[in-house]
Amino acid sequence: MAGKQVGGLRSKITHRVVLLFALIGLIVVIGIFEPVFFKPSVLFDVTALMGEIGLMALAQTYIITTGGIDLSVGYNLQLCAIVFGMTLFQTHLIFLAVVLALVVGLLGGLLNGLIISRTRIPPLVTTLATMYLFRGISMIVAGTHTYSGFPENFKKVSNVTLFGFFPIQFIYLLVIFVVLNVLFNRGSLGRVLKGIGFNENAVIFSGTNSKRYLLWIYALSGLISGLAAIIYLGRLSSATTSMGDGLNLQVVTAVVLGGTSVFGGVGSVSGTFIATMIIGVLRKGFTLLNLSGNFFNFTLGVILIASLIVLAVVDKRKARRGVPPLAAKSSAET
Amino acid sequence: MQTRRVLTKELMLGVIVALFIIFLSLTTRFFSISGLFSLMLDVSPTIVGTIAMTLIIFTGNIDISAGTIMGFVAYASADLARAGVPMIVFVPAGLLVGVVLAGLNGYITVQFKVPSIVVTLAMNMVHIGFFATFLPNSGWIEGVPTSFTWFGNGRLFGLVPYVFLVTVAVTALFMFIMKYSRFGKGLYAVGGSQQAAALAGISPDRTVFRVFLFEGLLLGVAALLKAMATTNDVLPSTFQGREMILIAGAVVGGVGIFGGTGKIIGAVYGAILVYLLSVTMIYLGFQDYYQFALQGIIILLAVYLTVVDLKKVRRRLRHIFAHTGAKGR
């Protein structure tokens, strides 16, 4: 048992180190093509770009660690944004709009969590279905409206920079990162989540109510989608019925690239954080190099598949060295 | 178990017929026989596509990129047809595109032991990105020749669409394959338990890879049936998101999302039912986007029903065989 843990720890550290080098390498490469990238205001703009994706990816890390997945985050964000825009334009109360957006996000997450923890419907199917549900509802609510032109004092949520280059989104991201990382690595939460991912029955037999944990991590994911919607709107300043398109893929990519296993049982919040930055740098780089958003999505899909393959190959290598592989466990269960 | 299945199917048929009647009485246009046959033309690609998705779900996998694969097939065939290539070439070429793309999904899933949902979700994005970035006009093809459209718009005796005949043939073929072939039994076995299948001498990896190839072929057929029914242009992006309808049809048809259970004919009923629901909604004046919400709810409900069934069955089994509890999830 002790040997396994050492192996696991070592492999995680190397994965994160590799990610860090990849991040630095990417920055340098893009900087060589576009020297303006080295300017702090441009470089740190990456963190502003990735504010909402990063937040959702951090919460998603918890979920994927349990072997689940939440595909509905993107359209949950869209729904929250639409609700926010509608409330703001009907009542002109920013506070009420913020609260309602968060409540809607939380309810969406609770719906996922309830279905997943109370029934045996797999998370994948549940969130795939609710993804379309949220998308449909947001389109029904919005109709043909696009909510834009938010008040200036609301835009301060996202458009403020500290010291002229440090975007305020990075503060949100750091705060949530630190909180979730500490919760994950100290105390029992991380162990329970990994336990659920590795063998839920074992967790149940050890006297832990796994369903309660499942319910609340999906609820957390929903709540953070609401938060992300507000931050996103502060930057974009228009709520449309297409703003959720493809967000879930970026979120899942960040988590998987960060070294969290889609089979569950292995997770790293800090890995997700670094991976988010890699995706952000890539996105900013694509914009600077005048490459289209669709090409970015194409690249992202390729990166996700590549990182899945690399992780699987690394797993196989480890199996040859005698460290118990994750893939073997998964093929035995499915 | 056996009686339960029959009951579900019968129930489903009843609902379909009931909906059909409501549907017919709501609209005067479809009160005719020719209306019925144009309905057949419409629903055919969905049925073939649902059979493709059903085969995948039988093994416990899923394909989120089904819609975009269909888009690629439609694009490739239409582009070739426009270039003046005869039908004997562009149809197999299109099908080959489907087989290769689905085969790629299957290869990655099997070779690297990665869940097919994540692979195909990523592929979905890769495909969409590819369309928008690398293809002229995002793959929109205008002015397809009659060599491409005659089959889709043609009717036997001026009544039964050729497209529907192909669908009936495909359905019959795959019902036969599932019932009598080694391959068909292998799908259920692998979906039920990979280990048990492996012990019984069926390679799970080979079976899953093969089923992806078959899926690609059928998606190709479905895409062509849909694309050829056009009169002028082919827009591959209309296929995006169709995988939801296919998944909905399969699970509504009683195909267990965990794999190993369900029947082709159930999936066909499911496909017709989902199609009728959406058509009825359009006729009732609901906007297009209500269907996103509806499909989500349908999938949740249908899966929930199968899950509840499984629970009861398992509880009963546990009473009889104490050791089956070890089967887990």
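Observations on the model:
- Test: residue A:273 is part of a helix (DSSP H, G or I), open to solvent by less than 40 Å² (accessible area, probe 1.4 Å), within 13 Å of chain B (Cβ to nearest Cβ) and not polar (S, T, N, Q): no
- Check on residue A:255, touching a Ser or Thr at 6+ places or on another chain (Cβ under 7 Å) and of a type in the set (A, V, I, L, M, F, W, C): yes
- Taken together, the residues in the range B:180-195 that are out of contact with any Pro (no Cβ under 6 Å at 6 or more places or on another chain) and at pLDDT 85 or above amount to 10.
Table: residues versus (1) within 25 Å of residue B:258 (Cα to Cα); (2) at pLDDT 85 or above; (3) more than 9 Å from every other protein chain (Cβ to nearest Cβ); (4) open to solvent by 30 Å² or more (accessible area, probe 1.4 Å).
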residue	(1), (2), (3), (4)
A:298	no, yes, no, yes
A:303	no, yes, no, yes
A:314	no, no, yes, yes
A:320	no, no, yes, yes
A:327	yes, no, no, no
A:332	yes, no, no, yes
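- Of the residues screened, residue A:211 is one that is closer than 24 Å to residue A:102 by Cα, in contact (Cβ under 8 Å) with a residue 60 or more places away in the chain and more than 17 Å from the chain's Cα centre (by Cα).
- Any hit, the range B:222-234, residues being within 14 Å of chain A (Cβ to nearest Cβ), touching a residue at least 12 places away in the same chain (Cβ under 8 Å) and among the acidic types (Asp, Glu): no
- Of the residues screened, residue B:65 is one that is open to solvent by less than 10 Å² (accessible area, probe 1.4 Å) and under 27 Å from residue B:178 (Cα atoms).
- Search result, residues across the range A:84-137 that are within 14 Å of chain B (Cβ to nearest Cβ) and hydroxyl-bearing (Ser, Thr, Tyr): A:117, A:119, A:126, A:127, A:130, A:132
- Looking across B:138, B:116, one residue alone is open to solvent by less than 40 Å² (accessible area, probe 1.4 Å) and modelled with pLDDT under 90. It is B:116.
- Of all residues in the range A:45-81, those satisfying the criterion of being of a type in the set (Asp, Glu) and open to solvent by less than 10 Å² (accessible area, probe 1.4 Å) are A:52, A:70.
- Within the range A:116-140, considering residues that are over 21 Å from residue B:250 (Cβ atoms) and touching a Ser or Thr at 6+ places or on another chain (Cβ under 9 Å), the one most open to solvent (accessible area, probe 1.4 Å): A:139
- In summary, helices (runs of 4 or more DSSP H) completely within the range B:189-256 and bearing 3 or more residues that are within 23 Å of residue B:124 (Cβ to Cβ) occur at B:204-228, B:242-252.
Residues checked against (1) crowded, with 20+ Cβ neighbours inside 10 Å; (2) of a type outside the set (A, V, I, L, M, F, W, C); (3) without any contact (Cβ under 8 Å) to a residue 24 or more places away in the chain:
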| site | (1), (2), (3) |
| --- | --- |
| B:151 | no, no, no |
| B:155 | no, yes, no |
| B:167 | yes, yes, no |
| B:179 | no, yes, yes |
| B:214 | yes, no, no |
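- Scanning the range A:233-253 for residues that are at pLDDT below 90 and assigned to a helix (DSSP H, G or I) returns A:233, A:234, A:235, A:236, A:247, A:248, A:249, A:250, A:252, A:253.
- For the range A:224-264, a residue qualifies if it is open to solvent by 10 Å² or more (accessible area, probe 1.4 Å) and on the phi > 0 side of the Ramachandran plot, and the qualifying residues are A:237, A:246, A:259.
- Any chance residue B:76 is away from chain A (no Cβ under 14 Å), touching a helix residue (DSSP H, G or I) at 6+ places or on another chain (Cβ under 9 Å) and more than 18 Å from residue B:250 (Cα to Cα): yes
- Residue match in the range B:258-273 (condition: in a loop (DSSP other than H, G, I, E, B), touching a residue at least 24 places away in the same chain (Cβ under 8 Å), at the interface with chain A (Cβ under 9 Å from one of its Cβ atoms) and open to solvent by 20 Å² or more (accessible area, probe 1.4 Å)): yes
- Condition met for residue A:75 (within 16 Å of residue A:253 (Cα to Cα) and either in contact with a helix residue (DSSP H, G or I) (Cβ under 7 Å, 6 or more places away or on another chain) or in a helix (DSSP H, G or I) (or both)): no
- Of all residues in the range B:278-294 being assigned to a helix (DSSP H, G or I) and hydrophobic (A, V, I, L, M, F, W, C), the one that is farthest from the other protein chains (Cβ to nearest Cβ): B:279
- Screening the range B:79-113 for residues that are within 19 Å of residue B:142 (Cβ to Cβ) and of a type in the set (Gly, Ala, Ser) and picking the one that is nearest to the other protein chains (Cβ to nearest Cβ) gives B:94.
- Evaluation of residue A:197 against the conditions (1) open to solvent by 40 Å² or more (accessible area, probe 1.4 Å); (2) of a type outside the set (D, E, K, R); (3) assigned to a helix (DSSP H, G or I) shows that the sole unmet condition is (1).
- Residue check, residue A:168 more than 10 Å from chain B (Cβ to nearest Cβ), in contact with a Ser or Thr (Cβ under 9 Å, 6 or more places away or on another chain) and within 24 Å of residue B:241 (Cβ to Cβ): no
- Hits in the range A:166-186 - residues which are more than 16 Å from residue A:235 (Cβ to Cβ) and open to solvent by 50 Å² or more (accessible area, probe 1.4 Å): A:174, A:175, A:178, A:179, A:182, A:183, A:185, A:186
- Filtered by the rule that a residue be open to solvent by 50 Å² or more (accessible area, probe 1.4 Å) and among the hydroxyl-bearing types (Ser, Thr, Tyr), the range B:68-107 gives a lone residue, B:107.
- Helices (runs of 4 or more DSSP H) wholly inside the range A:1-72 that include at least 1 residues being at pLDDT below 85: A:2-33, A:40-43, A:45-49
The values are calculated or read from the model by the stated rules, or taken from the named source; none is laboratory data. Quick caveat, the model's predicted, so the values are computed rather than measured. Positions of Cβ are generated from backbone atoms using ideal geometry, with glycine treated the same way; all protein chains shown enter the neighbour counts. The protein model used for the area step is the full one, side chains on, heavy atoms only, and it has no ligands, DNA or RNA in it. Shrake-Rupley method; radii C 1.70, N 1.55, O 1.52, S 1.80 Å.
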